[in-house]
Amino acid sequence: MKIQNSFLLFCALASFSAQSQNSIPVVSINPSEIISNEFIGNGIEFSAYPHADTESSEWGKLMTDEKWKMVFDRVSFIKPKIARVMDQANWRYLKGFDASGNPIVDFESDQMQALYKLLDYCEKNKITVILGEWGQPYKVHDTHLNLQNSFTGANDQRWIDLIIKNLNHLLNVKKYTCIKYYNLVNEPNGDWATTDGDFEQWKEGITMLHKSIQKAGLDKKISIIGPDTTSFNNPRSKYKGLDWVKQTALQIPNLISAYDAHDYPSKESIRSGEFQKTFGDLVRFTDSVHKKPFILGELGIKGDPSSKEHLGDKFTSVDSQLSVYDYDYGVDMADALIQAMNAGFDAVIAWDLDDAMHTKDDKGDKYQLKRWGMFNSLGKELTGKKEDENLRPWFYTWSIMTRYFTSDMKIVKLDHLNIEKVRATAGFTASGEVTIAIANNSDKEAHFTIDAKKLKLKSKLNKYLYTESKRPVDQNGFPIPSEKMSLKENSIKVSIPAKSVILYTTYQQ
């Protein structure tokens, strides 16, 4: 009887084991199901430290050659494919007005030298640059000079002419080829923007800028991106936030060469997947009207700042996200990036790289830092805490997903991944390189197999792992593979822990 019972138990366990193996989902990658066929790549918001770049800056020249080297070394690991470089004419080359009211321009100023340092780096490393201005000169920044009415708006031809002078200098004199797009006003639909949500003013300014670029013969070197809108609904605006994108596609599609928008979704909308649905619908709409590249120009995650260590920090402004210090933020940003790529965005730009770049309203108050960065390069100088210069957790996931999704990739769908709060995206090149990113934002481990036979994977893969207890780094704090895999067949067995990220890539460096 005991022998019979033991045999029955063995059969039951064997049957259960077979069922368990058979129940592991098989996720397929089909290279013919292309999400983005004109992928630019992911990147960063990159500013030239307006409060710390010269002796006359609010903080003095804190950005020494040593500090710049630290920043560039970190950016070199990230390998951004695109950078958004927003500035102000009055921070760089506009030095006021003469007695006749004509602008005084200086392209050799110390402030311009700092910008050249940043642009030289982008040029050398073939990083596509979106150049632009936060808004009308003197309207928000440097208001103490009482020059905020020097221009009448985004549709003031005098401001447009000033922009053209700057672009001519950068493109024809300095010969920068990395600058591909120009952005007229940051978030023009917002009640904080110098346009204050006036779509007609912005549209007229874009029309004037487009005509002026053509007249100056710069149209072969640079084009306009827009509308740079947020999902914020300004009651004074004719259109709701994201409707600005739709109206741009409907009304002035021939004046811009790429769409862009910003979003700061809640942690809940990321974890539920609502974020991808919202923007997937928007990308499909613009594609149906007038298809062109669509860039998510700023991405950060709003919500309760959960880092207890830094709550109440006297250097932190209300425009901050203290969760950047937390492990979970690395999972959420990776999840958001995966969803954005699956929604059809051709590039996604993180807000932002470094706390030292901006302050609340950019008035240079060191007690009002915008803490959204992957680090604070002036931690010691501004806060007295050298450790604030350390890389934060989310540098890990953003850097590997930017570094290994290259500009020559096509982004494709993964079919049959139906595990709650587990999302993935994949890219491949014509030469056979493949990168797959997976985020598990659930509270339990997930198991599935990736069938990549149609991609004909190379035999060797690097696996990067981001968990709370294990995320291997080198002596610089940069991610290194947790495992080097040799594949005997074109499939990957995935076991991804709860609240973690895995990236597989054929790239060996």
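Any chance you could count how many residues in the stretch 71-104 are surrounded by fewer than 17 Cβ atoms within 10 Å (Cβ to Cβ) and of a type outside the set (Phe, Trp, Tyr)? Spell out the reasoning first.
Pass one, the stretch 71-104, residues surrounded by fewer than 17 Cβ atoms within 10 Å (Cβ to Cβ): 72-73, 76, 95-102, 104.
Okay, now just the ones that are also of a type outside the set (Phe, Trp, Tyr), so 73, 76, 95-96, 98-102, 104.
Of the residues in the stretch 71-104, 10 are surrounded by fewer than 17 Cβ atoms within 10 Å (Cβ to Cβ) and of a type outside the set (Phe, Trp, Tyr).
Yes or no, residue by residue, for (1) free of Cβ contacts under 8 Å to residues at least 24 places away in the same chain; (2) under 18 Å from the mean Cα position of the chain (by Cα):
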position: TYR404; (1), (2): no, yes
position: VAL412; (1), (2): no, no
position: ASP415; (1), (2): no, no
position: ILE419; (1), (2): no, no
position: ARG423; (1), (2): no, no
position: THR429; (1), (2): yes, no
position: ASN441; (1), (2): no, no
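Can you find a residue that is free of Cβ contacts under 8 Å to residues at least 24 places away in the same chain, open to solvent by 30 Å² or more (accessible area, probe 1.4 Å) and more than 21 Å from TRP68 (Cβ to Cβ) anywhere in the stretch 339-356?
no
Before we move on, is MET70 in a helix (DSSP H, G or I), closer than 21 Å to ARG158 by Cα and at pLDDT 95 or above?
In short, no.
Restricting to the stretch 111-151, name every residue that is free of Cβ contacts under 8 Å to residues at least 40 places away in the same chain and either part of a strand (DSSP E or B) or surrounded by 20 or more Cβ atoms within 10 Å (Cβ to Cβ) (or both).
MET112, PHE151
Within the stretch 399-428, track down each residue that is open to solvent by less than 10 Å² (accessible area, probe 1.4 Å) and either in a loop (DSSP other than H, G, I, E, B) or of a type in the set (D, E, K, R) (or both).
If the condition is that a residue be open to solvent by less than 10 Å² (accessible area, probe 1.4 Å) and either in a loop (DSSP other than H, G, I, E, B) or of a type in the set (D, E, K, R) (or both), then TYR404, PHE405, MET409 are the ones that fit.
Collect the residues in the stretch 398-419 that are touching a helix residue (DSSP H, G or I) at 6+ places or on another chain (Cβ under 7 Å) and among the hydrophobic types (A, V, I, L, M, F, W, C), keeping them in residue-number order.
Within the stretch 398-419, TRP398, MET401, ILE411 qualify.
Taking the stated definitions as given, is PRO50 assigned to a loop (DSSP other than H, G, I, E, B) and within 23 Å of ASP346 (Cβ to Cβ)?
Taking the combined requirement at face value, the residue does not satisfy it.
Filter the stretch 314-367 down to residues that are of a type in the set (A, V, I, L, M, F, W, C) and assigned to a loop (DSSP other than H, G, I, E, B) and give me whichever is modelled with the lowest pLDDT.
Only one residue fits best here, namely VAL318.
Right, GLU123: in contact with a Ser or Thr (Cβ under 9 Å, 6 or more places away or on another chain) and closer than 20 Å to ASN168 by Cβ or not?
Yes; evaluated as a whole, the condition is true for this residue.
Based on what the data block shows, is ASN441 open to solvent by less than 10 Å² (accessible area, probe 1.4 Å) and at pLDDT 95 or above? Please lay out each step first, then the result.
Details: open to solvent by less than 10 Å² (accessible area, probe 1.4 Å): yes; at pLDDT 95 or above: yes.
Spelling it out, ASN441 is indeed open to solvent by less than 10 Å² (accessible area, probe 1.4 Å) and at pLDDT 95 or above.
How about the stretch 256-270: which of its residues are within 30 Å of ILE222 (Cβ to Cβ) and among the β-branched types (Val, Ile, Thr)?
ILE256
Residue check: is PHE39 more than 30 Å from LEU145 (Cβ to Cβ), of a type outside the set (Val, Ile, Thr), touching a Phe, Trp or Tyr at 6+ places or on another chain (Cβ under 6 Å) and not in a strand (DSSP E or B)?
Here the answer is no, as PHE39 does not meet what is asked.
Within the stretch 37-80, how many residues are within 18 Å of the chain's Cα centre (by Cα) and among the basic types (Lys, Arg)?
Within the stretch 37-80, residues that are within 18 Å of the chain's Cα centre (by Cα) and among the basic types (Lys, Arg) number 2.
Could you list, in sequence order, all residues of the stretch 24-58 that are small (Gly, Ala, Ser) and surrounded by 15 or more Cβ atoms within 10 Å (Cβ to Cβ)? Break it down into steps so the answer makes sense when it comes.
Initially, the stretch 24-58 is screened for residues small (Gly, Ala, Ser), giving 28, 32, 36, 41, 43, 47-48, 52, 56-57.
If the condition is that a residue be small (Gly, Ala, Ser) and surrounded by 15 or more Cβ atoms within 10 Å (Cβ to Cβ), then SER28, SER36, GLY41, GLY43, SER47, ALA48, ALA52, SER57 are the ones that fit.
Mind checking which residues of the stretch 286-299 are open to solvent by 20 Å² or more (accessible area, probe 1.4 Å) and in contact (Cβ under 8 Å) with a residue 40 or more places away in the chain?
ASP287, VAL289, HIS290, PRO293
The values are calculated or read from the model by the stated rules, or taken from the named source; none is laboratory data. Predicted model only: the values in this text are computed from it and were never measured. Cβ atoms come from the backbone with ideal geometry, glycine included; neighbour counts cover every protein chain shown. Note: accessible area is taken over every heavy atom of the protein model, side chains too, but ligands, DNA and RNA are not part of it. Shrake-Rupley method; radii C 1.70, N 1.55, O 1.52, S 1.80 Å.
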